[in-house]
1. So, A:Leu22, is that one part of a helix (DSSP H, G or I), within 14 Å of chain B (Cβ to nearest Cβ) and not basic (Lys, Arg) or not?
2. Look at B:Val412 and say whether it is in contact with an Asp or Glu (Cβ under 9 Å, 6 or more places away or on another chain), modelled with pLDDT of 95 or more and part of a helix (DSSP H, G or I).
3. Being under 25 Å from A:Ala244 (Cα atoms), part of a helix (DSSP H, G or I) and either away from chain B (no Cβ under 14 Å) or at pLDDT below 95 (or both) is the requirement here; does A:Ala96 meet it?
4. Report, ordered by the first and then the second residue, all pairs with beta carbons closer than 9 Å, sequence separation of six or more or different chains, a first member in the range B:205-233 that is within 20 Å of B:Ala268 (Cβ to Cβ) and in a helix (DSSP H, G or I), and a second member that is at pLDDT below 95 and among the charged types (D, E, K, R).
5. Among the residues of the range A:5-28, is there at least one that is over 20 Å from A:Tyr219 (Cα atoms) and free of Cβ contacts under 8 Å to residues at least 24 places away in the same chain?
6. If I ask for residues that are farther than 22 Å from A:Val306 by Cα and not charged (D, E, K, R), which ones from the range A:49-71 would you list?
7. One residue is enough: does the range A:173-186 have a residue meeting the conditions more than 10 Å from chain B (Cβ to nearest Cβ) and aromatic (Phe, Trp, Tyr)?
8. Being in contact with a His (Cβ under 7 Å, 6 or more places away or on another chain), within 14 Å of chain B (Cβ to nearest Cβ) and either touching a residue at least 60 places away in the same chain (Cβ under 8 Å) or closer than 28 Å to A:Glu214 by Cβ (or both) is true for just one of A:Gly152, A:Gly158. Which residue is that?
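The values are calculated or read from the model by the stated rules, or taken from the named source; none is laboratory data. Only a predicted model underlies this, so the values are computations on that prediction, with no experimental measurement involved. As a convention, Cβ positions derive from the backbone with ideal geometry for all residues, glycine included, and neighbour counts pool all protein chains shown.
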Amino acid sequence: MSDLERIVVLAGGLSPEREVSLRSGDRVRDALAEAGIHAIVADADAALLALLRADPPSAVFPAIHGVCGEDGAIREVLGLLGVPYVGSVASACQMAFDKPTAKALAAAAGLATPQSVTLPRETFHDLGAAAVIDLIVARLGLPLYVKPSRGGSALGAGAVRTAAELPAAVLSCFAYGDTALIERLVAGTEVAVSVVDLGQGPQALPVVEIVPGEGGYDYAARYTAGKTEFYVPARLSAEVAAEAARIAIAAHTVLGLRDLSRTDLIVDEAGTPWFLEVNVSPGMTETSTLPLALEASGHPFGRTCVQLLELAAARGA
Amino acid sequence: MTGEQQPISQPQRIDRYVGQYAERAVGMVASEIRALFAVAARPEIVSLAGGSPYVSALPLDAVGDMVGQLVATQGATALQYCTAQGDAGLRERICDVMELEQVRAHPDEIVVTVGSQQALDLLTRIFIDPGDVILVEAPSYVGALGAFASYQADVVHVAMDDDGLIPEALEEAIRRTAAAGRKAKFLYTVPNFQNPAGVTLAAGRRPRILDICRRAGLLVVEDNPYGLLGFDGEPMRALRADDADGVVYLGSFSKTIAAGLRVGWAVAPTAIREKLILAAESAVLCHSSFSQLTVREYLNTQPWLEQIKDFRELYRERRHAMLGALARMMPPECHWTHPGGGFFVWLTLPDGINSKAMLPRAISSRVAYVPGTGFYADGSGAQYARLCYSLPTPDRINEGIRRLTSVIETEVQLRDDFGPARPVS
């Protein structure tokens with residue numbers, strides 16, 4: 001712990017997840033303070049490089065979500081500066097943040113993931129949106145789930161029950177990005193499995209079951225305390241929970257992730273967990289599942305953050 | 001770590017009081033729109049969203065000296081409780097300010113409030129039971145709609161045009177409300193350089209509006225934060241000047257001095273005023289003595305009329321920049337209002353374009369505005385956007401309109417490809 005003389009928590013950024021990130025960053029800072037480590041929160045702005053150069057930190061804890069935070073960009077910069085940081089390296093982030101790429105790698109590793117197509121805005125424009133949409137419905141069937149290929153917090157994402165709903169859903173998706181991932185909607189239990197590696201290899205935390213109220217696990221359900229029920233551990237059989245954990249560790253491993261990640265899955269009625277996506281900078285807010293899972297497994301959140309920072313500092317740039 | 005799981009029998013909802021909130025708190029949830037506005041506060045974004053005054057134009061050194069002097073000489077008063085009605089000396093000066101709009105009031109008629117927003121809250125508190133009707137302009141000030149919603153009022157919008165509230169539409173709204181067996185409690189209006197539409201109630205319409213309300217027994221709440229910020233000619237005569245018994249006037253120093261001081265006021269008929277004072281006492285006991293005395297000293301010692309003139313010139317230049325940029329760049333299907341003062345331009349988007357659904361793309365393109373839906377109690381108004389020119393420099397306004405134009409053009413193409421958008425929450 002003595003090595004952690006100067007800690008910077010990165011939070012904010014310019015993505016629509018800025019507000020969530022600021023909450024995550026504050027929570028990490030506060031948890032570190034409770035564990036006896038002083039940290040400052042810094043934004044990814046024009047003052048950041050000067051701040052990191054003037055007094056290089058022992059380690060950085062990135063808590064920026066979305067573009068810049070999870071796409072590898074800020075980690076490339078930290079690498080250029082020679083600053084140690086918690087979490088995955090830039091190249092792994094780039095693969096994980098791009099949902100179609102992550103799905104493809106997960107599928108190649110034998111993980112079940114819903115069938116999907118990925119299409120940029122231009123394709124709909126050039127080929128005719130109606131015709132492309134007809135083709136998607138004919139090929140994938142219904143219901144579907146539409147989301148931006150990059151991004152998080154369910155922004156621009158939504159379920160589609162009828163073919164008539166699909167154009168509006170794709171349009172909503174394009175408000176947050178120029179490429180849409182359209183996948184078969186798997187009905188079942190929504191779960192999140194966080195993976196933490198404290199030096200003994202990646203370990204899965206207890207599976208968190210997410211039971212949102214009416215409207216699904218949308219932005220409001222994610223970040224309004226009380227709108228969603230969480231069961232930790234999830235109400236799954238031991239076998240299914242173990243399989244979900246195995247998938248989370250496999251995704252973490254196949255994507256080359258480091259330190260921590262969170263994998264989102266759906267467990268269908270037959271008990272099969274389906275890989276949906278993985279997050280390299282999981283939410284750390286009061287309503288986020290990784291801190292919940294840590295606490296439920298007897299790992300104080302602050303202490304775990306300290307351990308991750310110690311590992312990063314020891315690892316160096 | 002999975003081996004260490006300790007089953008927890010009860011679900012976790014994070015908020016242990018989730019079942020105990022009042023019905024009026026149901027809508028108080030995290031929203032994508034608020035998340036997007038968190039990004040808009042960053043300097044990389046050209047924000048045409050928030051209606052903030054350009055307080056940097058104040059003589060900050062002089063104000064600093066004045067505040068220091070205030071604490072040194074009157075600190076024991078400035079840092080003490082005061083009466084709920086507000087500092088008597090400030091109320092005298094408020095009477096001077098209101099004379100500029102031909103309102104003659106006695107200091108006893110004035111209640112100082114925490115911005116005019118608190119006056120709105122107090123008025124709603126003393127007049128509105130859940131389900132009571134309030135008539136408002138279409139569109140109307142989002143802060144007022146928020147206050148009305150918090151008391152579960154039933155808001156009925158009344159159409160406006162370039163000359164403000166349409167008298168015939170007001171008559172019709174009153175008639176319809178009565179036909180439904182209900183009575184509106186008051187009309188809420190921002191007659192000058194309206195927020196968000198930027199339009200002003202024409203002088204010729206003012207007596208008619210007052211007459212309609214008088215005949216219907218309808219109280220008028222005249223909210224006038226921008227009245228002294230007209231770009232042409234003298235300030236308009238306030239509605240209150242012509243009907244002291246039928247109009248509650250709400251004033252504010254937020255736009256003419258400094259929003260951060262949070263000093264506003266209400267001038268109301270005697271019985272209403274007494275209730276406002278009692279309601280204020282229960283809400284905050286009393287307002288900030290320090291802020292009140294700061295405003296009083298500012299009015300006593302600083303060239304405040306000259307400062308308002310400076311503000312007017314600054315905002316006129318920015319309004320000019322915005323209207324020029326809109327005219328040069330916007331697609332032909334867009335149109336907008338031409339404010340004669342205040343802070344706002346009300347933009348009408350091409351058919352089928354939803355300003356709320358478009359906001360994420362705008363933020364990604366580093367420009368922000370307020371979707372029109374915030375200014376309608378029923379969430380309609382998606383075809384409009386409020387653009388504010390008070391804070392950004394003319395160069396930034398130009399850049400913001402350039403970015404916004406590009407966003408709208410993309411949105412038009414998406415509309416053509418997919419049809420109308422589904423708004424974000």
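1. Working: part of a helix (DSSP H, G or I): yes; within 14 Å of chain B (Cβ to nearest Cβ): yes; not basic (Lys, Arg): yes.
Spelling it out, A:Leu22 is indeed part of a helix (DSSP H, G or I), within 14 Å of chain B (Cβ to nearest Cβ) and not basic (Lys, Arg).
2. On the way: in contact with an Asp or Glu (Cβ under 9 Å, 6 or more places away or on another chain): yes; modelled with pLDDT of 95 or more: yes; part of a helix (DSSP H, G or I): yes.
Yes.
3. On the way: under 25 Å from A:Ala244 (Cα atoms): yes; part of a helix (DSSP H, G or I): yes; either away from chain B (no Cβ under 14 Å) or at pLDDT below 95 (or both): yes.
Criteria met by A:Ala96.
4. If the second residue must be at pLDDT below 95 and among the charged types (D, E, K, R), the pairs left are B:Ala216/B:Lys183.
5. First pass over the range A:5-28, keeping only residues over 20 Å from A:Tyr219 (Cα atoms): A:5-10, A:28.
Keeping just the survivors that are free of Cβ contacts under 8 Å to residues at least 24 places away in the same chain gives none.
The answer is no; no qualifying residue exists.
6. Looking only at the range A:49-71, we keep the residues that are farther than 22 Å from A:Val306 by Cα, and these are A:49-50, A:53-54, A:66-68, A:71.
Of everything in the range A:49-71, those that are farther than 22 Å from A:Val306 by Cα and not charged (D, E, K, R) turn out to be A:Leu49, A:Ala50, A:Ala54, A:Gly66, A:Val67, A:Cys68.
7. Taking every residue of the range A:173-186 in turn, none turns out to be more than 10 Å from chain B (Cβ to nearest Cβ) and aromatic (Phe, Trp, Tyr).
8. Working: A:Gly158 fails: in contact with a His (Cβ under 7 Å, 6 or more places away or on another chain).
A:Gly152 is the lone residue from the list that is in contact with a His (Cβ under 7 Å, 6 or more places away or on another chain), within 14 Å of chain B (Cβ to nearest Cβ) and either touching a residue at least 60 places away in the same chain (Cβ under 8 Å) or closer than 28 Å to A:Glu214 by Cβ (or both).
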